[in-house]
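K.L.:
The following block contains the structure, expressed as structure tokens.
The values are calculated or read from the model by the stated rules, or taken from the named source; none is laboratory data. All values reported here derive from a predicted model rather than from experimental measurement. Cβ coordinates were reconstructed from backbone atoms using ideal geometry, including for glycine residues, and neighbour counts include every protein chain displayed.
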Amino acid sequence: MSVIQVKRVYEPPAETDGLRILVDRLWPRGLSREKAAVDYWFKALAPSDTLRRWYDHDPEKWPLFRTRYLDELRDPLPDELCQLQHWLTEGRPVTLLFGSRERTCNNAVALKGFFDEGLLF
């Protein structure tokens, strides 16, 4: 299985990024599609608006956010998640992109953690 990288979408693309997948529901402000160099925009892998607003990047809510986000991803399992799993199984490099200024407690980091911990498949 391939290693997943996580990167802020505003950072310049690198050759080592592999497939660049944006996992936010909203397009990042002030960023053109060309500059973002996003291969896929998987909105279905983003937390719901309700969960995102509730969380509001509050570090104290991080553990509960992860639990609720995982529940959302599992019910029902999005096709995009299965496609991502397929690419990873093939050994394709993948970079999950996020727009938040919060670099350590965001949905892309949580999603990578779910894969690393074997919680999704």
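K.L.:
May I ask you to list pairs of residues, at least six apart or on different chains, whose Cβ atoms are under 6 Å apart, with the first in region 97-121 being more than 13 Å from Tyr69 (Cα to Cα) and the second being crowded, with 16+ Cβ neighbours inside 10 Å and among the small types (Gly, Ala, Ser)?
P.N.:
That search, which allows pairs on different chains as well, returns Phe98/Ala108.
K.L.:
Look at region 97-109 and say how many of its residues are crowded, with 22+ Cβ neighbours inside 10 Å and either outside any loop (DSSP other than H, G, I, E, B) or more than 13 Å from the chain's Cα centre (by Cα) (or both).
P.N.:
Residues meeting the conditions: 4.
K.L.:
So which residues in region 20-39 are outside any loop (DSSP other than H, G, I, E, B), of a type outside the set (A, V, I, L, M) and touching a residue at least 40 places away in the same chain (Cβ under 8 Å)?
P.N.:
Selection gives Arg20 alone.
Residue by residue, here is whether (1) closer than 18 Å to Leu119 by Cα; (2) surrounded by 14 or more Cβ atoms within 10 Å (Cβ to Cβ) holds:
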{"position": "Ile21", "(1), (2)": "no, yes"}
{"position": "Leu45", "(1), (2)": "yes, yes"}
{"position": "His57", "(1), (2)": "no, yes"}
{"position": "Arg74", "(1), (2)": "yes, no"}
{"position": "Cys82", "(1), (2)": "yes, no"}
{"position": "Trp87", "(1), (2)": "yes, yes"}
{"position": "Thr95", "(1), (2)": "no, yes"}
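K.L.:
Check whether at least one residue in region 38-52 is on the phi > 0 side of the Ramachandran plot and either out of contact with any strand residue (DSSP E or B) (no Cβ under 6 Å at 6 or more places or on another chain) or modelled with pLDDT of 95 or more (or both), and report yes or no.
P.N.:
No, region 38-52 has no match at all.
K.L.:
Only one of Phe114, Phe65 is assigned to a helix (DSSP H, G or I) and under 17 Å from Gln5 (Cβ atoms). Can you tell me which?
P.N.:
Phe114
K.L.:
Oh, and also: Would you pick out the residues in region 16-48 that are over 15 Å from the mean Cα position of the chain (by Cα), under 28 Å from Phe121 (Cα atoms) and among the acidic types (Asp, Glu)?
P.N.:
Selection gives nothing.
K.L.:
Suppose we keep only residues that are hydrophobic (A, V, I, L, M, F, W, C) and surrounded by 17 or more Cβ atoms within 10 Å (Cβ to Cβ) within region 2-16. Which one would you say is farthest from Gly99 (Cα to Cα)? Can you show your working first?
P.N.:
Filtering region 2-16 down to residues hydrophobic (A, V, I, L, M, F, W, C) leaves 3-4, 6, 9, 14.
Subset that is surrounded by 17 or more Cβ atoms within 10 Å (Cβ to Cβ): 4, 6, 9.
Values: Ile4: 17, Val6: 11, Val9: 6 Å.
Taking the candidates together, the pick is Ile4.
K.L.:
If you scan region 69-93, which residues turn out to be in a loop (DSSP other than H, G, I, E, B) and of a type in the set (D, E, K, R)?
P.N.:
Of everything in region 69-93, those that are in a loop (DSSP other than H, G, I, E, B) and of a type in the set (D, E, K, R) turn out to be Asp75, Glu90, Arg92.
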